Amino acid sequence: MIRALMADIPSELRIRCDEPSALAKHLIDRGTADAVRFEGAEGAMLIATRRPAALFESLPAWINESGATIQEIRSEDQSLE
């Protein structure tokens, strides 16, 4: 029940992958990311979203289609601790 209530609370995620520009385009084109900030040269980006459930639903299909590798997905929100 709590998970369902929190499904669409705005959140920030850090994702590290080998195709960050392509992933950013995918998330922006589908309206699942409100903002993307690239960090460092190792493919890390910070994604702000008001639709985290939709973001997580679209991610597996993009990975399969693109052949990209995700090294890390981490919530940056302190509210879950």
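In order along region 31-46, phi translates into HN-Hα couplings of x, 8, 10, 8, 7, 9, 10, 7, 10, x, 8, 8, x, 8, 8, 9 Hz, rounded to whole numbers, per the Karplus curve 6.51 cos²θ - 1.76 cosθ + 1.60 with θ = phi - 60° and x for Gly and Pro.
Put simply, the amide H of residue 18, placed in the peptide plane, has neighbours under 5 Å in 69, 71, leaving out anything fewer than 5 places away on its chain.
When the solvent-accessible area of region 15-81 is split by element, carbon and sulfur atoms take up 49 percent of it, the probe being 1.4 Å.
Rolling a 1.4 Å probe over the protein heavy atoms gives region 27-81 an accessible area of 62 Å² per residue. Label-to-label distance for residue 63 and residue 14 is 1.9 nm, based on points extended 7 Å past Cα in the beta-carbon direction.
The values are calculated or read from the model by the stated rules, or taken from the named source; none is laboratory data. What you are looking at is a predicted structure, and each value in this text was computed from that prediction instead of being measured. Every residue, glycine among them, receives a Cβ derived from its backbone with ideal geometry; neighbour counts consider all protein chains shown. Accessible surface is based on the protein model in full, side chains and every heavy atom, while ligands, DNA and RNA are left aside. Shrake-Rupley method; radii C 1.70, N 1.55, O 1.52, S 1.80 Å.
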